[in-house]
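Worksheet for the structure shown next.
Each value in this text was obtained by applying a stated rule to the coordinates, not by laboratory testing. Remember, predicted model here, so these are calculated numbers, not experimental data. Backbone-built Cβ (ideal geometry, glycine too); neighbour counts: all protein chains shown.
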Amino acid sequence: MIRPLICYDGPMAAVNKRVPFVPDPSQMALWPEISGNAINGLGERAKRRPSPVYWHEPDTIPHGPLQGWFAENYANSTEVVAARERRQAVIDQPLPGVAEARRDETPARWSELVTQKAIEFGADDAGIARMDPDWIFEGHEQASWDFAIAIAVSHDYEALKTAPGDRAAAEVINQYGRGLKAVRALTGWIRGQGWAAEPQGGPNAGSMILIPAAMGAGLGELGRHGSMIHRKFGSNFRLGVILTNLPLVAHEPDVFGADDFCTNCRVCTDACPPEAIPETKQWVRGTEKWYVDFDRCLPFFNETKGCAICIAVCPWSRPGVADGLVKKMARRRAKRAA
Ligand code: B12
Ligand code: SF4
Ligand code: SF4
């Protein structure tokens, strides 16, 4: 029996999952010997930093040639190409140097100012985490940063729910552009106050993994689909980060019940055409967490201009739903505690 797809009426809703996805042989001819799951540390119980797996310099990673295949497959849509050009214009804007340091504010006041500025510069939400060097990819060097400011920008749901396809792909790139604009403007503002700052946030992986920083900054929880769930935007958002030594006060993680909800929901698992989303948490580099099977996801992702079905079908993503689910999960916690 095919399970119904809840909260989703995009084109893949009609896909019969009994017809297995068969990747394009021209893509698979570039597939390396090593599994991406092995690079990610699937099954490893000891803690270690993440290894670069995708969206790095192509000649430094085994799956690098597949990034070229993705780019060729991506270039046949005018909507997508135009969105990429707009995003590149943001990346090409130079950043200012670091001015003389202002020391007239308290860390609490700087924290208020940076979160206000992030919103003024176009972010939809922002939070602060104490920097953890374990978020830096293996083999990457980074200065010693004290804080990671994480920002979220939501996608337009009407565009995202058409995933996979050109409209959703262009929307993802547009939001990368908006996120980068906010990240770069805030980086410039912090440098203008006299403190070092560096932008992170795509479209390539950069030097760090963004999700644990954003979780630490209170932007949400990790969902079964391997992306984060925010209490307002659900899974329907992108992340950016600013690393800085500006003295700040870190926020608390925001645990509102998304992880708990995922335990009894399998909408993304059922909707993923290559069946890349396992039913249970897995051990990965010393943490038991939700995990997406890289070797299953990537071929479909590459052939569908970035897929995104899993974040589109997630019940938390539909506008107006997340608030009610937050309340429902709070009631469930209260009942369990009674
Ligand atoms: C490489 C990459 C991919 C690769 C491979 C991902 C993978 N899981 O192996 C591919 C191309 C398949 C991919 C697909 C997608 N991606 Co992607 N991806 C990245 C990128 C650039 C690096 C992540 C990475 O190297 N993962 C490999 C290893 C580290 O994965 P992992 O161990 O399973 O860890 C994952 C999570 O568990 C979490 N994480 C890492 N360490 C830890 C530690 C702890 C304690 C916890 C709890 C979690 C956690 O982050 C990892 C995210 O992949 C990040 C941006 C960044 N710099 O972080 C975006 C990013 C994770 N992707 C994102 C998204 C949205 C997607 C897609 C939905 C595509 C789309 N069109 O938007 C799909 C989702 C499917 C999936 N597989 O996750 C967003 C997530 C936003 C959100 N709401 O959380 C990010 C943050 C980009 C951004 N700037 O917003 N992605
Ligand atoms: S992005 Fe990957 S994990 Fe998500 S639905 Fe598509 S193939 Fe599945
Ligand atoms: S679709 Fe369901 S299981 Fe998947 S991430 Fe969203 S809430 Fe969790």
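Here are the numbers for this structure:
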quantity	calculated
The chain - Rg (one decimal) and Dmax (whole number), Cα, Å	19.9, 66
Distance histogram in 10 Å bins (all Cα pairs of region 166-285, percent per bin)	12, 35, 36, 14, 3, 0
Rounded FRET efficiency, nearest 0.05, which uses the C-beta distance separating Glu138 from Lys232 and R0 of 51 Å	0.90
Helix 294-303 vs. the chain, principal-axis angle (Cα, 0 to 90°, nearest 10)	90
Surface/4 of the Cα convex hull for region 80-224, nm²	9.8
Theoretical gain in end-to-end length, Arg109 to Lys327 [0.36 nm per residue, Cα-Cα removed]	75.4 nm
Label point distance in nm, Asp92-Asp270, each placed 7 Å from Cα along Cα→Cβ	4.7
Ala338-Thr263 FRET efficiency (beta carbon distance; Förster radius 25 Å; 0.05 resolution)	0.80
Nitroxide proxy distance, nm - points 7 Å out along Cα→Cβ at Asp146 and Ala82	4.5
For region 34-56 and region 61-114, distance of Cα centres in Å	24
Estimated distance in nm for a label pair at Glu120 and Thr287, the labels positioned 7 Å out from Cα along Cα-to-Cβ	3.3
